[in-house]
Amino acid sequence: MFAYIIDKIVPYTDSTIHISDLALQRGYGIFDFFRVRNKKPLFLEDHLDRFYASAGKMLLQSPVDRNELTDIIITLVEKNNLSDAGVKVLLTGGYAEDGYTITQPNLIVVVQPFKYPSEQQLQSGVKIITVNFRKELPDIKTINYQKAIMMTPAVKAANAVDLVYHHDGIISELPRCNFFIVTQEDVIKTPDQQILLGVTRKKVLQLARKKYKVEECSITLNDVYNAKEAFFTSSTKRIVPVVKVDDYMIGSGKPGKITLDLLSGLIQHEDEVLR
Ligand SMILES: Cc1ncc(COP(=O)(O)O)c(C=O)c1O
């Protein structure tokens, strides 16, 4: 396996970075993550848009432009010879002598083997728990996942697969996924505030609007507990049905019809764009 570090492709085992980097010293950095299917990056333009937007908001100047970065990604995917994989593109604050000042950002590109949610999770649905927390920079894909990682034992203890954040009862998103509900009236709703604009969220909204009533709006904890269906979306997971939130069963306790319809629509859309 190979990775791109700073300015060149190196064997994965040699992919090291100096201790003075601001990512290590202060947790300062941004990234993006997308899937490669049959060696083709999926929705790459959307991910590059978000990557450069995150970098700009964090005052990080990428050492390579969009075309150069695309070439690096394609070369790395070829060299690693993985037809289905995840690609992480990360930009750090750079080497800072004082451990505080942004310098020349360091670029890291890693290609990783990758697993879809299990058949069992898709067929039976999953449980998530709610956590009261407000993210500092929700619209930027920063490398800070501290709260989520800290909550991992609590998620496991609750027999859940993940958590969804709310702030004083208003739902935002999961640590790595966007969240949706389907109301008893079959309206698809997803939060519009305090979230990262997921690429999968965007694709699902586009697909959903062709067939269903859709609202990007405020969603409360109560809305979630009383929903007919719930699911979360991300580049790695596509769409995962949620059948339990805290101790509340969602709908019939089985993956919902609209959720599964959107999942098959999304897979079909992926097939079309990769053809
Ligand atoms: C905070 C957060 N929200 C949502 C998502 C889902 O975004 P996407 O669909 O682009 O993978 C991610 C992805 O990692 C994320 O980190």
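The values are calculated or read from the model by the stated rules, or taken from the named source; none is laboratory data. Nothing here was measured: the structure is a model prediction, and the numbers come from that model. So basically every Cβ, Gly included, is an ideal-geometry build from the backbone, and we count neighbours across all protein chains shown.
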- Message: Tell me the residue from V131, V155, V126 that is farther than 21 Å from G169 by Cβ, more than 13 Å from the ligand (Cβ to nearest atom) and not assigned by TED's automatic domain parsing to the domain that holds A53, please.
- Response: V126
- Query: Looking only at residues in segment 105-160 that are in contact with an Asp or Glu (Cβ under 9 Å, 6 or more places away or on another chain) and in a strand (DSSP E or B), which one is surrounded by the fewest Cβ atoms within 10 Å (Cβ to Cβ)?
  - Reply: N132
- Item | E78 being without any contact (Cβ under 8 Å) to a residue 40 or more places away in the chain and not assigned by TED's automatic domain parsing to the domain that holds T200 | yes
- With the checklist (1) assigned to a strand (DSSP E or B); (2) within 15 Å of the ligand (Cβ to nearest atom); (3) not aliphatic (A, V, I, L, M) in hand, flag the one item F51 doesn't pass. (1)
- Task: Might you let me know whether segment 196-209 holds any residue that is at pLDDT 95 or above and either more than 16 Å from the ligand (Cβ to nearest atom) or not assigned by TED's automatic domain parsing to the domain that holds T152 (or both)?
- Result: yes
- Item | Complete set of residues in segment 249-275 that are assigned to a helix (DSSP H, G or I) and within 16 Å of A227 (Cα to Cα) | K257, I258, T259, L260
- Task: For segment 14-25, name all the residues that are over 24 Å from E68 (Cα atoms) and exposed (fewer than 14 other Cβ atoms within 10 Å of the Cβ).
- Result: I19
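Scan segment 161-177 residue by residue and report those that are within 13 Å of the ligand (Cβ to nearest atom), more than 15 Å from K237 (Cβ to Cβ) and either surrounded by fewer than 19 Cβ atoms within 10 Å (Cβ to Cβ) or aliphatic (A, V, I, L, M) (or both). Give the steps one after another, and end with the answer.
Going through segment 161-177, the residues within 13 Å of the ligand (Cβ to nearest atom) turn out to be 162-165, 171-177.
Pick out the ones that are also more than 15 Å from K237 (Cβ to Cβ) and you get 165, 171-172.
Once the filter is applied, which keeps residues that are within 13 Å of the ligand (Cβ to nearest atom), more than 15 Å from K237 (Cβ to Cβ) and either surrounded by fewer than 19 Cβ atoms within 10 Å (Cβ to Cβ) or aliphatic (A, V, I, L, M) (or both), segment 161-177 yields only I171.
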- Query: Which pairs do you get when a residue that is farther than 17 Å from Q112 by Cβ, found in segment 25-51, comes within reach of a residue that is surrounded by fewer than 19 Cβ atoms within 10 Å (Cβ to Cβ) and among the acidic types (D, E), reach meaning Cβ atoms under 9 angstrom, with the pair 6+ apart or on two chains?
  - Reply: F43/E270
- Query: Yes or no: V214 part of a strand (DSSP E or B) and buried (at least 21 other Cβ atoms within 10 Å of the Cβ)?
  - Reply: no
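Take the residues in segment 229-248 that are in a loop (DSSP other than H, G, I, E, B) and away from the ligand (no atom under 12 Å from the Cβ); name whichever of them is nearest to N178 (Cα to Cα). Please lay out each step first, then the result.
Looking only at segment 229-248, we keep the residues that are in a loop (DSSP other than H, G, I, E, B), and these are 235-237, 246-247.
Then drop every residue that is not away from the ligand (no atom under 12 Å from the Cβ), which leaves 246-247.
Values: D246: 18, D247: 21 Å.
Ranking the candidates gives D246 first.
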